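Since the structure comes first, as structure tokens, the remarks are kept for the end.
None of the figures in this text is laboratory data; all of them are computed from the coordinates on show. Bear in mind the structure is a predicted one, so any value in this text is a computation, not a measurement. Neighbour counts run over all protein chains shown; Cβ positions are idealised from the backbone, glycine included.
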Amino acid sequence: MKRFLVAAALSAAAFSSSADDAAVKAAIESLVPAAKIDSISESQVPNFYQVVLQGQVVYISADGKYLFQGSVFDIPNKTDLTEAAKAGLRKGALAAVEKAGGSVELPAEKPSEHEKKLARRDANKAAAKAAK
């Protein structure tokens, strides 16, 4: 009998969680139909889920009625929960890079306006020197 009660409680919790996940997914899809949901997990904020959408962290109420975006602070522990979640995402991305061979080709940086100005100055000096 004890096993049955434990199993029933776990099943109810799993059903409740999946029902909440469905409400969260439906809320996201109603706002952004093409959004890619990376993950949905329980938040430390009661009755809210932490959702990662295309690398961005947002919080959605369990009933799917409310969404907020921004930093959530755990005041007693003086911790930025949102930044901790983002750090976990970055750590996962770096691990994927390492697994893929450890290197990523970044696009070439465009020179800043200051660098362009210095290059023009150097070119003008070289042209003046060549003209002498």
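Of all residues in the range 23-67, which are touching a residue at least 12 places away in the same chain (Cβ under 8 Å), among the hydrophobic types (A, V, I, L, M, F, W, C) and within 16 Å of T82 (Cβ to Cβ)?
Residues satisfying the conditions are I40, V45, F48, V51, V52, L53, V57, I60, L67.
Considering only the range 61-89, state which residues are exposed (fewer than 11 other Cβ atoms within 10 Å of the Cβ), of a type in the set (D, E, K, R) and at negative phi.
K65
I'd like the residue in the range 45-82 that is among the β-branched types (V, I, T) and touching a Phe, Trp or Tyr at 6+ places or on another chain (Cβ under 9 Å) and, out of all such residues, is farthest from A93 (Cα to Cα).
This residue is V45.
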